[in-house]
Amino acid sequence: MDYVKIVQEENGFFLDPSEYLERLPRLAADLPPGAAAFATDPDHYSFVGDRCIKDLYLTSIGFSRENRQLTVTARLAWREGMPTVLTITYRQVTELNVDSGEGPVQLDETLPHERGCRHEIQLIGGSVVVVCADYAAVWAEDNAY
């Protein structure tokens, strides 16, 4: 990540999105609308907020192709037995890198990219990086729980 700081310490991790949050108003102007809406949500980096990505678990990643364009859908949830899920649908994906995917989300960062945006989700045991034209992030109740 370019601006979000994640530092491993003796008893865990130090997470600091402050530099990213300082730059976010300028960065958001260059982000596609869906990515900008998700990144600038006031609860996004509020560690006690209902819409903070911290501590979510990656539960699934799905792929589909339409009109020669790759769509990737990532679902994240707090933990087993919790009904709230975050579904992120990435459109016109040009790059995808999934490294392990174990453990909860530490933080994420969305930056402008020449092909739209670059979204990096850092997990304790890996990361997910997607470059795409734009993405939509939807919080919802999952009736499967």
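The values are calculated or read from the model by the stated rules, or taken from the named source; none is laboratory data. Remember, it's a predicted structure, so these values are computed and weren't measured experimentally. Backbone-built Cβ (ideal geometry, glycine too); neighbour counts: all protein chains shown.
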Exactly one of (1) more than 15 Å from VAL130 (Cα to Cα); (2) in contact (Cβ under 8 Å) with a residue 12 or more places away in the chain is unmet by PRO42. Its number?
(2)
Residue check: is ALA29 under 19 Å from THR89 (Cα atoms) and touching a helix residue (DSSP H, G or I) at 6+ places or on another chain (Cβ under 9 Å)?
no
Quick one: which of THR59, THR71 is β-branched (Val, Ile, Thr), surrounded by fewer than 19 Cβ atoms within 10 Å (Cβ to Cβ) and either in contact with a Phe, Trp or Tyr (Cβ under 8 Å, 6 or more places away or on another chain) or over 17 Å from ALA137 (Cβ atoms) (or both)?
THR71
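If you scan region 1-12, which residues turn out to be more than 12 Å from GLU109 (Cα to Cα) and assigned to a loop (DSSP other than H, G, I, E, B)? Walk me through how you get there before you give the answer.
Restricting attention to region 1-12, the residues satisfying the condition of being more than 12 Å from GLU109 (Cα to Cα) are 7-12.
Across region 1-12, the qualifying residues are GLU10, ASN11.
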Among residues belonging to region 21-39 that are part of a loop (DSSP other than H, G, I, E, B) and touching a strand residue (DSSP E or B) at 6+ places or on another chain (Cβ under 8 Å), point out the one that is surrounded by the fewest Cβ atoms within 10 Å (Cβ to Cβ).
ASP30
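From the set of residues in region 108-141 that are aliphatic (A, V, I, L, M) and touching a Lys or Arg at 6+ places or on another chain (Cβ under 6 Å), which is nearest to ASP43 (Cα to Cα)?
By that ranking, first place goes to LEU111.
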Restricted to region 40-51, and to residues that are at pLDDT below 85 and either in contact with a Cys (Cβ under 7 Å, 6 or more places away or on another chain) or surrounded by 13 or more Cβ atoms within 10 Å (Cβ to Cβ) (or both), which residue is farthest from TRP139 (Cα to Cα)?
GLY49
Unmet criterion (only one of (1) part of a helix (DSSP H, G or I); (2) surrounded by fewer than 18 Cβ atoms within 10 Å (Cβ to Cβ); (3) touching a residue at least 24 places away in the same chain (Cβ under 8 Å)) for LEU15
(1)
Out of VAL98, VAL93, sole residue that is surrounded by 15 or more Cβ atoms within 10 Å (Cβ to Cβ), among the aliphatic types (A, V, I, L, M) and under 14 Å from the mean Cα position of the chain (by Cα):
VAL98
Restricting the search to region 18-34, which residues are free of Cβ contacts under 8 Å to residues at least 12 places away in the same chain and in contact with a Cys (Cβ under 8 Å, 6 or more places away or on another chain)?
none
